[in-house]
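Q: Sharing a structure below in structure tokens format, with a few things to ask.
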Amino acid sequence: MSDTEVETATEQILRFDDGIPGFPEAREFVLGDLDEAGTFQVLQNVGNPEIALVVCSPWLLVPDYEAVLAEDDERELELTDPDDAVVFCAVTLDEAARAFHLNLLGPFVVNARTQRGRQVVLTESGHPVRHTVYLDDDDVTD
Amino acid sequence: MLVLTRRAGESIMIGSEIVVTVLESRGDQVRVGIEAPRRVQIHRAEVYREIERENAAAIASADRASALLGRRKPDLKRDPQSRPSNSAGEGPGEDEA
């Protein structure tokens, strides 16, 4: 009966001590799968469920994506092993629902060991804040 | 806004831990050095604002996005050189001829 049940990390609280840009009070989040395959997830604030966004691993859509963290971000997140870093990007659906945008400039990074996270800003990366992915199945653009 | 005039090499302090030093000014560009505790995040304001705006947009579209993407199979086409999907196989491949 639970064949299709998806394992989620719903009960796990991720701590963003600085909040996220624009929402400095949003410090505790949970992450839950949105689709069965776990491609898309929802990052939701514990205190204010209205603060929720769809997120997705950037590598699923941008295989050559690189997230080089600033030293301060690494230190703050106590990321000593890159394998501990879980990276996901905010998804914004466009008005016509023909495409969505991935925020590659400001990914969320969570240390899976400590459950502490931060939305980092990859200032030097040149990554766009809006990387467009069309939903037509025909096209994925840069 | 507090406005101070400083020369190159001069600093201002913000609280007791943050020191902002004007390193050089040339034309309309000013180079600034900042010393602050590590827990203090420092960003170029316009980049930070961009992230703020995008977060707000993502939150505003979250209901629609989750309705659309949540019931959608992860069959988005990837870049040609991308790794194959690791989603559980579902029928025959969807590769185009």
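The values are calculated or read from the model by the stated rules, or taken from the named source; none is laboratory data. Because the structure is predicted, anything quoted here is derived from the model rather than measured. With ideal geometry, Cβ positions are generated from the backbone for all residues, glycine too; neighbour counts draw on all protein chains shown.
Q: Scan region A:34-49 residue by residue and report those that are free of Cβ contacts under 8 Å to residues at least 40 places away in the same chain and more than 9 Å from chain B (Cβ to nearest Cβ). Can you show your working first?
A: First pass over region A:34-49, keeping only residues free of Cβ contacts under 8 Å to residues at least 40 places away in the same chain: A:34-39, A:42, A:44-49.
Correct list: A:ASN45, A:VAL46, A:GLY47, A:ASN48, A:PRO49.
Q: Can I ask one more? Which residues, taken from region B:10-58, are in contact with a strand residue (DSSP E or B) (Cβ under 7 Å, 6 or more places away or on another chain) and of a type outside the set (A, V, I, L, M)?
A: B:GLU10, B:SER11, B:THR21, B:GLU24, B:ARG31, B:GLY33, B:GLU35, B:GLU54, B:ASN55, listed by residue number.
Q: Given the condition touching a Ser or Thr at 6+ places or on another chain (Cβ under 8 Å) and small (Gly, Ala, Ser), answer yes or no: does some residue in region A:103-123 qualify?
A: No; the residues of region A:103-123 include none that is touching a Ser or Thr at 6+ places or on another chain (Cβ under 8 Å) and small (Gly, Ala, Ser).
Q: Follow-up question, since we're still on this one. Since A:GLU74 meets every condition but one in (1) under 21 Å from B:ARG53 (Cα atoms); (2) surrounded by fewer than 23 Cβ atoms within 10 Å (Cβ to Cβ); (3) modelled with pLDDT under 95, which condition does it not meet?
A: Every listed condition holds for A:GLU74 apart from (1).
Q: Could you tell me whether region A:10-28 includes any residue that is more than 8 Å from every other protein chain (Cβ to nearest Cβ), buried (at least 18 other Cβ atoms within 10 Å of the Cβ) and out of contact with any Gly (no Cβ under 7 Å at 6 or more places or on another chain)?
A: no
Q: Residues of region B:1-45 being modelled with pLDDT of 95 or more, within 27 Å of A:GLY19 (Cα to Cα), charged (D, E, K, R) and within 24 Å of the chain's Cα centre (by Cα), which ones?
A: Hit for region B:1-45 is B:GLU35, nothing else.
Q: Which of the residues spanning region A:33-69 are modelled with pLDDT under 90 and either farther than 20 Å from A:THR92 by Cα or not hydrophobic (A, V, I, L, M, F, W, C) (or both)? Even if it seems obvious, please write down each step before you answer.
A: Step one: list which residues in region A:33-69 are modelled with pLDDT under 90, which gives A:33-39.
Listed by number, the residues that qualify are A:ASP33, A:ASP35, A:GLU36, A:GLY38, A:THR39.
Q: So, one more: Given the conditions (1) surrounded by fewer than 21 Cβ atoms within 10 Å (Cβ to Cβ); (2) polar (S, T, N, Q); (3) modelled with pLDDT of 95 or more, report the number of the one that A:THR92 does not fulfil.
A: Of everything listed in (1) surrounded by fewer than 21 Cβ atoms within 10 Å (Cβ to Cβ); (2) polar (S, T, N, Q); (3) modelled with pLDDT of 95 or more, A:THR92 misses just condition (1).
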